[in-house]
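Attaching a single structure in structure tokens format; questions to follow.
FYI, it's all coordinate maths here, none of it is from the lab. All values reported here derive from a predicted model rather than from experimental measurement. Counting neighbours? That spans all protein chains shown, and the Cβs are built from the backbone with ideal geometry, glycine included.
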Amino acid sequence: MRFAAFLASLVGIYKITVKVLQRTCDIDDSYCAAIAGGLASLSMLLDPNPKLALYLATKTLETVYMEGMHNGQLPCVKNFDAILYSICTALILHGAFVQPHILNERYYHFVCGLTGQRINNLNRQRMNVFGTESTKYLTMKAN
């Protein structure tokens with residue numbers, strides 16, 4: 001139910017904001033969309049899902065960069081897709097170490113294959129001091 005409320009409010013806030021801005025202000029449609037997207041992000045308060053937030057953030061950055069590059073506003077970076085893949089993989093590796101319980105199981109298996117199962121040998125007990133619950137996945141896996 002919370003996810004449905006999130007989706008409904010995300011679309012609703014975005015559409016209403018775009019319509020209001022287009023009718024009342026004389027600004028470019030791309031600026032209307034950016035403002036509406038920012039306001040629609042408030043819908044994350046209804047369903048604060050870290051996986052969804054990370055996905056939306058990375059997808060937004062990719063889309064903004066590609067549009068900017070296509071319009072000639074941002075420079076064309078050679079091998080940008082490889083750089084983006086590296087950044088996303090680094091985020092997944094960080095998540096696998098700090099809070100493996102929030103990762104999708106397929107991502108965790110991807111990281112295990114990527115590191116040659118070495119990720120399982122890390123001492124996560126030390127990270128629990130910071131409140132990350134890093135050993136939670138190990139107890140979930142054991143059950």
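Within the range 14-46, find all residues whose amide N lies under 19 Å from a label point positioned 7 Å from the Cα of residue 1 along Cα-to-beta-carbon.
44-46
Another question about this same structure. Working from Cα positions, state the angle (0 to 90°, nearest 10) between the long axis of helix 105-115 and the longest principal axis of the chain.
The two axes meet at around 60 degrees.
For the range 56-119, what is the charge dipole size about the Cα centre, in debye to the nearest 20, if Lys and Arg each add +1 at the Cβ and Asp and Glu each add -1 at the Cβ?
160
Run lengths n ≥ 4 of DSSP H only: what is the helix-derived mean residue ellipticity at 222 nm for the chain, with -39500 (n - 2.57) per run over all residues, to the nearest 500?
Only helices count here, giving -21500 deg cm²/dmol.
What is the chain by shape, rounded, prolate or oblate, if you read a ≥ b ≥ c off the alpha carbon gyration tensor as root eigenvalues and call it rounded for a/c under 1.5, prolate for a/b larger than b/c, and oblate otherwise?
Oblate.
Anyone know which of 90, 40, 82 comes out most mobile in the 10 Å Cα GNM of the chain?
82
To continue, here is another question. Ranking request for peptides 57-68, 3-14: highest mean number of other beta-carbon atoms within 10 Å first, then the rest in descending order.
Ranking, from highest mean packing down: 3-14, 57-68.
Gap in Å between the Cα centre of the range 1-52 and the Cα centre of the range 66-143?
That distance is 28 Å.
What shape does the range 1-48 take by its C-alpha gyration tensor, where a ≥ b ≥ c are the square roots of the eigenvalues and a/c under 1.5 counts as rounded, a/b above b/c as prolate, and the rest as oblate?
prolate
Moving to a separate point now. How big is the charge dipole of the chain about its Cα centre, in debye rounded to the nearest 20, if each Lys and Arg gets +1 on its Cβ and each Asp and Glu gets -1 on its Cβ?
600
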